[in-house]
Every structure is written in C-alpha cells, then in structure tokens.
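A.B. asks: Got a structure for you, written out below as structure tokens; questions coming shortly.
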Amino acid sequence: MEIQGLGLSSTVLSNANTNTAVGIALLDKAMSTDQENGEALTKMLERSVNPMVGQNIDIRL
C-alpha cells in the first residue's frame, strides 16, 4: 500500500467515525424529545378523562 493510500484511508475512517458520532447524538436527541412528548401526551390524556379534578377546592367552616 502506498503512503498516500494510507493517509486517504485514515481520512476516510476519521470521517466515518465523525458521521457515526453525529448520527448517535441526533438519535439520542430524538429519543429524548420523543420521551418528553410522550410524557406530555400522557398528562394531557389524564386531564381529559377528569378535566375538573383538582380544579376547585370546597371548604366548609
């Protein structure tokens, strides 16, 4: 293998590692966002079942 070919191989592998790292970071962010959206949806659905629960407090003295 020529020296130029070795340098090119190193550059290609470095770019592949960078692309993999960026892909993993994007996937992690997407999963985090999906989890937050799921929790918000769950809260919204819980409120829609009994929308008045917790809205008013009846106090008698």
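The values are calculated or read from the model by the stated rules, or taken from the named source; none is laboratory data. The structure displayed is predicted, hence computed values, not measured ones. For neighbour counting, all protein chains shown are included, and Cβ atoms are generated from backbone atoms with ideal geometry for every residue, glycine included. Just so you know, the surface numbers come from the protein's heavy atoms only, side chains and all, with ligands and any DNA or RNA stripped out. Shrake-Rupley method; radii C 1.70, N 1.55, O 1.52, S 1.80 Å.
A.B. asks: Within region 9-61, can you find the residues that are open to solvent by 100 Å² or more (accessible area, probe 1.4 Å), polar (S, T, N, Q) and assigned to a loop (DSSP other than H, G, I, E, B)?
C.D. replies: Across region 9-61, the qualifying residues are Q55, N56.
A.B. asks: Pairs please, first residue from region 25-36 and in contact (Cβ under 8 Å) with a residue 60 or more places away in the chain, second anywhere and surrounded by 10 or more Cβ atoms within 10 Å (Cβ to Cβ) and assigned to a helix (DSSP H, G or I), Cβ atoms under 8 Å, 6+ apart in sequence or on different chains.
C.D. replies: none
A.B. asks: If only one of M31, M44 is over 19 Å from the mean Cα position of the chain (by Cα) and at pLDDT 75 or above, which one is it? Give the steps one after another, and end with the answer.
C.D. replies: Values: M31 fails: over 19 Å from the mean Cα position of the chain (by Cα).
The conditions single out M44.
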